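Here the structure is laid out as structure tokens; the discussion comes afterwards.
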Amino acid sequence: MISKDKAKWKEDLNEIYKEKPVIVRPRIVFTQLARLWKGGASLHFFILINPALKDAVPEARYYLLAHEYGHVYKCHILHGIKMLISFWAFFLWLGAAFQYVSVHWYLLGLFVLGSLLYYFNKKVNIAEDEADEFAIKLKGSKVMYNGCSWVGEKLNDINDARKKKLIKYKNYKD
Ligand SMILES: [Zn+2]
């Protein structure tokens with residue numbers, strides 16, 4: 001049963017891959033870890049899918065796969081890594097640097113690292129829009145809308161972010 005479901009996901013991913021090839025085709029991994037991002041996430045070489053969505057209807061599979069594949073296609077993991085590094089550096093500086101540098105350098109460092117963190121965090125948000133755009137172009141906004149609402153219902157999770165997405169898909173003119 002489980003492998004039959006996985007085969008469908010792989011087939012769909014293959015279809016997308018053929019249309020928009022990348023150097024290394026990502027693999028689908030069903031993992032509880034994906035619950036951190038609700039439905040799914042992209043780690044570039046891996047597309048993580050919430051196991052609760054294994055038996056998703058075709059539109060929901062397209063919705064998740066096309067969006068996550070958009071992240072892979074556009075190498076968004078780099079934005080994520082930069083954000084994590086600046087996040088880490090900012091808080092490291094915040095917590096430790098005052099022991100070693102003068103107050104001027106400390107504040108300057110906070111400002112620079114804070115700005116970087118802000119900038120990369122913005123990039124990550126833009127990446128979300130880009131992945132949606134990629135997916136809409138591939139599958140159409142109606143599929144994205146239906147897939148997104150199916151996932152929301154299945155996970156019992158219609159939060160503000162999802163509502164915003166649904167409005168975006170609904171108003172999109174393809
Ligand atoms: Zn995303």
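Being of a type outside the set (A, V, I, L, M), without any contact (Cβ under 8 Å) to a residue 12 or more places away in the chain and in a helix (DSSP H, G or I) is the filter here, so list the residues in the stretch 1-30 that pass it.
Ser3, Lys4, Glu11, Asn14, Glu15, Lys18 - these are the residues of the stretch 1-30 that are of a type outside the set (A, V, I, L, M), without any contact (Cβ under 8 Å) to a residue 12 or more places away in the chain and in a helix (DSSP H, G or I).
Scan Leu33, Leu64 and give me the residue that is free of Cβ contacts under 8 Å to residues at least 40 places away in the same chain and assigned to a helix (DSSP H, G or I). First the steps, then the outcome.
Values: Leu64 fails: free of Cβ contacts under 8 Å to residues at least 40 places away in the same chain.
Result: Leu33 is the single residue among Leu33, Leu64 that is free of Cβ contacts under 8 Å to residues at least 40 places away in the same chain and assigned to a helix (DSSP H, G or I).
Which condition does Asn121 not pass, out of (1) modelled with pLDDT under 95; (2) among the polar types (S, T, N, Q); (3) more than 16 Å from the ligand (Cβ to nearest atom), if it passes all the others?
Condition not satisfied by Asn121: (3).
Restricting the search to the stretch 29-79, which residues are among the acidic types (Asp, Glu) and within 12 Å of the chain's Cα centre (by Cα)?
Our first condition is that a residue be among the acidic types (Asp, Glu); within the stretch 29-79, this holds for 55, 59, 68.
Passing the criteria: only Glu68.
The values are calculated or read from the model by the stated rules, or taken from the named source; none is laboratory data. None of the values given here were measured: they were computed from a predicted structure. All Cβ positions, glycine included, derive from the backbone under ideal geometry; neighbour counts span all protein chains shown.
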